[in-house]
Amino acid sequence: MPARQKLSTRLSALEQTAETGVELSDSEKTMLVSILAKRDALFWPWRWSLGHQPPIVEIPNRQRDCLNGTRGITAKADGQAQWKDAYFIRQRLIAAKLVTANVSGGQVTSLFLTADGELTARSLVGERLYKLGDPEVKLLYATILLHKQTNNRPIREHELFGRECEGDPSQWEHHTERVLPLLTTGLVKAESDTTCRILYVVVGDGAEIVEPTAMSLPAHAKWDQVYIRSFNSERTTLGSVEPRDRDEIFIPHSATR
């Protein structure tokens, strides 16, 4: 939303969004997709390797904070004019019930996608992103749960995906897209072994998947590009975070097949 627009006009638009709903502007879609990408980047499995222990230690803490509503995703802007724009875009998304916010001292500190917000953002990006109710996702969830019940241990990615996972993980990591909705909702968690391989385990006894209401917005390649840029940028940022407790130690699973 342009910074030069009058305050009364902006407030009127916020009221309209809250009462009747309104089509999202490109700026609002950009922020919504960016929030989705940053959240997904946090939960995308982190592979343990020497020299990268700090994020492996801290990331589970941030994931728990996100799931329990303590700390969500930031959506800030640099500069006074950009800050004003970001403020009103955030307020519009909140009024549209696409995100919720944590507020401290009258300021929004972080955002959380609602079910409608997540579906809207994913539909903008397109079919490349899986949703919780997709048959492939539900099948993987059933497989991970059955493996836990029968073997009492996490399932390794080569077992889950039914293929060899040797060499460069980039050769098979695209399969992880189908597991991501299970990770971001806290139904499943990902762990790592000593050889950069991922293991998956159902959290608790296996809650039933609650399928979100179907929504559809026209997808466009530009939103996919927004998602990719935001995802990659957030992964880079998260890859260098310092642990809250420097004495905390991460112990990976053994490489035993």
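Taken together, the values in this text are just the output of simple stated rules run on the coordinates, not laboratory data. This one's a predicted model, so the numbers in the text were calculated from it and none came from an experiment. Note: ideal-geometry Cβ built from the backbone for every residue, glycine included; neighbour counts use all protein chains shown.
Placing dummy labels 7 Å off each Cα toward the beta-carbon, the span from Glu23 to Ile209 is 3.3 nm. Mind jotting down the distance between the C-alpha centroids of segment 167-223 and segment 59-121, whole Å? So the separation of the two Cα centres works out to 22 Å. Computed FRET efficiency, Cβ-Cβ of Thr237 and Glu177, R0 25 Å: what is it to the nearest 0.05? Once the sixth-power term is evaluated, E becomes 0.75. Which shape class, rounded, prolate or oblate, goes with segment 112-182 when its Cα gyration tensor gives a ≥ b ≥ c as root eigenvalues, a/c under 1.5 marks rounded, and past that a/b bigger than b/c marks prolate? It comes out oblate by the Cα gyration axes.
Among the listed pairs Lys38/Lys97; Lys29/Lys148; Lys84/Lys131; Lys148/Lys222; Lys97/Lys222; Lys84/Lys189, which are separated by more than 29 Å between their Cα atoms?
Lys29/Lys148; Lys84/Lys131; Lys148/Lys222; Lys84/Lys189
Apply 1/(1 + (r/R0)^6) to the Cβ-Cβ distance of Ser104 and Leu67, taking R0 = 22 Å, and write down the FRET efficiency to the nearest 0.05. The partial results should precede the final answer.
Details: r = 19 Å, r/R0 = 0.88.
Result of the calculation: an efficiency of 0.70.
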